[in-house]
1. Treating cross-link reach as a plain straight distance, find the aspartates and glutamates whose alpha-carbon is under 16 Å from the alpha-carbon of K268, omitting any fewer than eight places away in the same chain.
2. Which FRET efficiency, nearest 0.05, do V334 and H236 yield, Cβ-Cβ r, R0 56 Å?
3. With the Cα gyration tensor of the range 56-167 giving a ≥ b ≥ c as the square roots of its eigenvalues, does the rule (a/c under 1.5 for rounded; else a/b larger than b/c for prolate; else oblate) give rounded, prolate or oblate?
4. Could you work out the relative contact order of the chain? I mean the mean sequence separation of Cα pairs under 8 Å and 6+ apart, divided by the number of residues, in percent.
5. To the nearest 0.05, how large is the calculated FRET efficiency for A409 and T189 if R₀ is 51 Å and r is the Cβ-Cβ distance?
6. Along the Cα-to-C-beta direction of S77, a point sits 7 Å from the Cα; which residues of the range 43-57 have their amide N less than 15 Å from that point?
7. If I model a spin label at T139 and A392 as a point 7 Å from the Cα along the Cα→Cβ vector, what separation in nanometres do I get?
8. Ranking request for peptides 412-423, 35-46, 227-238, 111-122: highest mean number of other beta-carbon atoms within 10 Å first, then the rest in descending order.
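Any read-out appearing in this document is the output of simple, stated calculations on the displayed coordinates, not a laboratory observation. What you see is a predicted model; the values in this text were computed from it and never measured. Note that each Cβ is placed from the backbone with ideal geometry, even for glycine, and that neighbours are counted across all protein chains shown.
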Amino acid sequence: MTAAAEHSERPESAESADSAEPTGRPAYEHPAYPVGLRLADRRVVVFGGGQVAQRRLPALIAAGARVTLVSPSATPSVDAMAESGEITWIKRRYESGDLADAWYALVATSDPVANAAISAEAELTRTWCVRSDDAAAATAWTPATGHSEGVTVAVLTGHDPRRSAAVRDAVVEGLRDGSLAAPAHRARTPFVALVGGGPGDPDLITVRGRRLLAEADVVIADRLGPRDLLSELPPHVEVIDAAKIPYGRFMAQEAINNALIEHAKAGKSVVRLKGGDPFVFGRGMEEAQALAAEGIACTVVPGISSSISVPGAAGIPVTHRGVAHEFTVVSGHVAPDDPRSLVDWASLARLTGTLVILMGVDKIGRIAETLIAHGKAPGTPLALVQEGTTAAQRRVDATLATVAETVRAKDVRPPAVIVIGDVVAEGPGKPLP
C-alpha cells in the first residue's frame, strides 16, 4: 500500500501526547509506562522532514540510532544532517514496507492518510510509533526532556504540554544550579574545585559553580563569597571558615592550602568557594600550585569579577561609547609608596579610560594624591560602591580631590570597589554622545 506523504508538520504543540490537543476521545485511561529506549545502532525511521523532524533528529542521532528519513523534501538543517552523513535521506513519500526492521518510528507529516497508513504498518510490525498529529493513535509518546550532568529528565503529563515543559525546566534548572539536592549515591570520583562565587549576590554564582557546591563534602569559604549559599548545604557538609577579615583574625594562606590538600587526600569532594573570580586577586593560582605540588588536580570555575559586576550593579559602565575605550583593574591593598607595590601609578595617571581599584578603601587617600601628582585632574569623578550586589549595597560619590575626606565622613568600609573616571558621571538616563 502506498499513500501520499508531505514533509510539513503541525505545530510542536501537536507533536506528542504531551503536545496534543484533546481529540474528543475518552481521556487517557491508563498512564504511559515510562521507559528509556536504547537505540544505538538500531534502525529508526522518521517520516517528514520539516520542523518537528528538525527538532527530534538531533536527539536520535545523539542516541546512536541509524536514522532513515523518508520525505520528498526537508528543511535546510535536516538537509545538512543528510549531507554530513548523520542520517540517510530517502527523497520520496511513504511506501508500504518502510518500517521493515525498524525499532522506532516518528510520524511527522501533514498528510493524515499517510500518517494512518504508517501507524497501521507500525502496529503490524510491532514498532513503537510516535504521531505528531494524533497522539491518541500513537503507541509511544515523546516526553518533554532535558539533561543535566548525566541525568535525563523526561516528563509526561498526558495532555498538558506547557505543564510538562514547565516541570522539566524546573527540575533541570534545580539540578544544574544545585537548588534541587540530588546527590549521587553510587561511587563517584572525588574532586577539588576552585569556584568563583561572584561578587556576593548568591544568584550571580555560575550554574557550574553552584552544582559543584551542591556535590561537595567540604567547603572552604571566603567571607566575600556568596555566604547565603552555605545555608543550603546538607548537614553532612563540613564548612571551613577561611575569612580574611581586614585587621581581624584570618586563616593564613598556607593553612588554606593545607586544608585543601588534607581533605582531597582523604578522598573528599572539596570546593574552595571564593569571592569574585579565583584568579582576579583571589590567590587561586597559589592554591592550584599547592595542590599540583601534591599531585592533586583541581578544576577552576571562573566567577563574575567584582571589578565589572559591582560598578554595573551601581549603574556605572566601566566602558561607555565615546567616554572610555579601556578599563584597568588594579589592587590597592598596598600604598603607592610601599616598596611591595607592583603598580605603575604614574602610567595609570596618564590613561584616559576607567580605573577600577579593588581592596583600596584604606589607601585611597594616598592613591588619589599619587594620581593627582602624576597629572590626573583633581576633579576626576570617583565612586565607591560598598557591599556591591548585596542588600547592603551603597554608592558614595566623590572626586580625586575629595575622596579621602569623603571616606572618613561617610564611614566607607571594605569591601568596596572604587571606580575612577568619566564613566562615573554616566547613567541609564544619560543620552549617548
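1. E215, D217, E238, E294
2. FRET efficiency, V334 to H236: 0.85.
3. Numbers: a/c = 1.77, a/b = 1.21, b/c = 1.46.
Oblate, since a/c reaches 1.5 and b/c is not below a/b.
4. On the way: 901 pairs, mean separation 49.7, N = 433.
The normalised contact order for the chain reaches 11 percent.
5. Working: r = 54 Å, r/R0 = 1.07.
Using R0 = 51 Å, I get an efficiency of 0.40.
6. Residues 49-57 qualify, since their backbone N sits under 15 Å from the label point.
7. Going by the 7 Å Cα→Cβ label model, 6.6 nm.
8. Top of the packing list down: 412-423, 111-122, 35-46, 227-238.
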